[in-house]
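This report refers to the structure that appears directly beneath it.
Throughout, read-outs are computed from the coordinates displayed, never taken from laboratory work. None of the values given here were measured: they were computed from a predicted structure. Positions of Cβ are generated from backbone atoms using ideal geometry, with glycine treated the same way; all protein chains shown enter the neighbour counts.
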Amino acid sequence: MTIQQTPLKDCVIVTPKVFRDSRGSFLESFNQKAFYGATELPVDFVQDNLSTSSKGVLRGLHFQTGNYAQAKLVSVLKGSVLDVCVDLRRDSKTFGEHFSIKLDDKTKTQLFVPKGFAHGFLVLEDETIFSYKCDNYYNKEAESGIIYNDPYLNINWGISESELILSEKDKQLPTFESLFK
């Protein structure tokens, strides 16, 4: 695996080595020892989640608070997404900044989203299957989020608002400034 640092501290791009031959392909999707050796970030994943979505679905920006904060390793098993994360760590030099990357089933690239980050993604192809490895269990009382079109964050999703498909809950999320200023 190859690890590449993003502009946001501890948020890294993970590119697994893919072995291809006439039968298809094989890759090691995660290796804790290799990941720690490359990043020195301790992680112990305890929950895996999958979502299937249609083109135009935007999920996020979500995060868990307090003792239920989660680090995630995210990837696309089928299709493609624009993946976005926002640094919410007040003591970080990149607090309030975001990073985006296209993840797809062809490159197999993954993104490690540390604890203390909001995360969301826009689905770019129908029937996209998105995978999340989480290092903490989901807790409904600890869930929170930031509205996708937050003026402070000014995220370019690359799609018109009329094309977006959002849950009612995601349409009601608060702004970054109401939570952190």
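Applying the criterion of being of a type in the set (Phe, Trp, Tyr) and touching a residue at least 24 places away in the same chain (Cβ under 8 Å) to the residues of region 1-36, the residue that is surrounded by the fewest Cβ atoms within 10 Å (Cβ to Cβ) is 30. Show the residue pairs meeting these rules: Cβ distance below 6 Å; 6+ apart or different chains; first residue within region 37-52 and over 13 Å from residue 71 (Cβ atoms); second residue of a type in the set (S, T, N, Q) and surrounded by 14 or more Cβ atoms within 10 Å (Cβ to Cβ). So the pair list comes out as 50/131. Of all residues in region 45-55 being within 7 Å of residue 134 (Cα to Cα) and among the hydrophobic types (A, V, I, L, M, F, W, C), which is surrounded by the fewest Cβ atoms within 10 Å (Cβ to Cβ)? So, considering only residues that are within 7 Å of residue 134 (Cα to Cα) and among the hydrophobic types (A, V, I, L, M, F, W, C), the one surrounded by the fewest Cβ atoms within 10 Å (Cβ to Cβ) is 46. How many residues does region 57-86 contain that are under 30 Å from residue 26 (Cα atoms) and either among the aliphatic types (A, V, I, L, M) or outside any strand (DSSP E or B) (or both)? So the answer is 12.
It is to be established whether one or more residues within region 87-94 are surrounded by fewer than 20 Cβ atoms within 10 Å (Cβ to Cβ), without any contact (Cβ under 8 Å) to a residue 24 or more places away in the chain and assigned to a loop (DSSP other than H, G, I, E, B). Yes. The residues of region 127-181 that are part of a loop (DSSP other than H, G, I, E, B) and within 17 Å of residue 54 (Cβ to Cβ), listed by number, are 127, 148, 157, 158, 159, 160, 164, 166, 167.
Hey, any hits in region 56-65 for a residue that's in contact (Cβ under 8 Å) with a residue 60 or more places away in the chain, of a type in the set (Phe, Trp, Tyr) and surrounded by fewer than 20 Cβ atoms within 10 Å (Cβ to Cβ)? Looking through region 56-65, none of the residues is in contact (Cβ under 8 Å) with a residue 60 or more places away in the chain, of a type in the set (Phe, Trp, Tyr) and surrounded by fewer than 20 Cβ atoms within 10 Å (Cβ to Cβ).
None of 148, 138, 132, 152 is surrounded by fewer than 16 Cβ atoms within 10 Å (Cβ to Cβ), of a type outside the set (A, V, I, L, M) and in contact (Cβ under 8 Å) with a residue 60 or more places away in the chain except 138. Yes or no: residue 115 among the basic types (Lys, Arg), more than 14 Å from the chain's Cα centre (by Cα) and under 18 Å from residue 11 (Cβ atoms)? For residue 115, the condition - among the basic types (Lys, Arg), more than 14 Å from the chain's Cα centre (by Cα) and under 18 Å from residue 11 (Cβ atoms) - is not met.
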